[in-house]
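Here the structure comes first, spelled out in structure tokens, and everything after it is commentary.
The values are calculated or read from the model by the stated rules, or taken from the named source; none is laboratory data. No experiment lies behind these values; they were computed from the predicted model shown. Every residue, glycine among them, receives a Cβ derived from its backbone with ideal geometry; neighbour counts consider all protein chains shown. Ligands, DNA and RNA are stripped out before the accessible areas are found, and what is left, the full protein with its side chains, is counted by its heavy atoms. Shrake-Rupley method; radii C 1.70, N 1.55, O 1.52, S 1.80 Å.
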Amino acid sequence: MMHRGCGGVGAHVVSWWQGSAGAALSSGLIAAHRMLPIRWLGGARMGGWLRRAPGSLRGLRRLALGPPFPVGRGDQLPHTDLTVTAEEHVDEERYYQLYPGHIPTSPLQKALLSAGSAFMALYNPYRHDMVAVLGETTGSSALRSLRDKMKHDPEGYQILQERPRIRLSTLDVTGLRELPDGTFGREYVRFLDSNRVSPDTRMPVKFVDDEELAYVIQRYREVHDLMHTLLSMPTNMLGEVVVKWFEAVQTGLPMCILGAVFGPVRLSARKLQILTTELVPWAVQSGRNASCVLNFYYENRWEQTVESLREEIGILHPPAICV
């Protein structure tokens, strides 16, 4: 039976920007980075002040110029309060921060983050921080669609209500290793061991301006390795591209589509042929045939065999190709 797939803060923020997100602008957006003072790219203050007036004028000036400094008599601006109290700053952060770690951003900030992270993700697909930023700043429409799909499915709705997390602190790794070969839990731990990955490496959500949608994309990230297990794909470039094709069809996230389309440019001619003739058609067909992968409470299915779970979801058996 055919299933329908899923359709598709601010000193600490400045330091973060100069780190991971600053790397994105260093290539492709460096001109904009030099033209706009870095504090314009700061966190909740800009996000808050851009949303209210007339306080936004003093907010923008403080962001661009920093704290008020002595000026010439002719340069004074009458009837304008250029100071922002610490109380106002704290109140604004509390008002706009929707969940722990949330960094409110304006449309301009999101556009800059999207462009910079996209460039860096294409330049180095293993920059998972850039991939995460790209997914958060471009996927609002797809995330709403995914959320609605989950709300209309009993198991998906339960996940939205209980909000389970897949982390080492929530997994009984020892118990999963003791499960029989072929069970979902045993094969998942085998995947983690073989590829030397950990569920704790998934980036926390920062830029999604909706608390429920933030969980949806967090859930997507945390089941990504489970998709590798079900699709029998390793974490090399070819395996990641195949999983991205499956996820692009399933979720409609622009980040997945970008990775699926541009990821193969790093592949050799032989692997590219295998990808286009065998793996992509299978991944696309499986993505279309499968039910929404976010509607499965995987934590309750560790003892289920991989084959039976694939069949239940609607994932076709992987082709017999060494990836």
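A few comments on the model shown:
- Counting only residues that are surrounded by fewer than 24 Cβ atoms within 10 Å (Cβ to Cβ) and within 14 Å of the chain's Cα centre (by Cα), the range 119-130 holds 5 of them.
- Qualifying residue in the range 233-243 (condition: among the hydroxyl-bearing types (Ser, Thr, Tyr), under 18 Å from the mean Cα position of the chain (by Cα) and crowded, with 23+ Cβ neighbours inside 10 Å): no
- Top-ranked residue in the range 244-261 [being among the β-branched types (Val, Ile, Thr) and surrounded by fewer than 20 Cβ atoms within 10 Å (Cβ to Cβ); ranked as farthest from SER114 (Cα to Cα)]: VAL261
- Subset of the range 190-230 (residues that are outside any helix (DSSP H, G or I), open to solvent by less than 20 Å² (accessible area, probe 1.4 Å) and not aliphatic (A, V, I, L, M)): PHE207
- Any hit, the range 276-291, residues being open to solvent by 30 Å² or more (accessible area, probe 1.4 Å) and among the hydroxyl-bearing types (Ser, Thr, Tyr): yes
- Single condition LEU113 does not satisfy, out of (1) more than 21 Å from PRO199 (Cβ to Cβ); (2) aliphatic (A, V, I, L, M); (3) surrounded by fewer than 19 Cβ atoms within 10 Å (Cβ to Cβ): (3)
- The one condition in (1) closer than 21 Å to VAL131 by Cα; (2) modelled with pLDDT of 95 or more; (3) touching a Ser or Thr at 6+ places or on another chain (Cβ under 8 Å); (4) not acidic (Asp, Glu) that MET255 fails to fulfil: (2)
- Test: residue in the range 143-165 that is closer than 26 Å to LEU267 by Cβ and part of a helix (DSSP H, G or I): no
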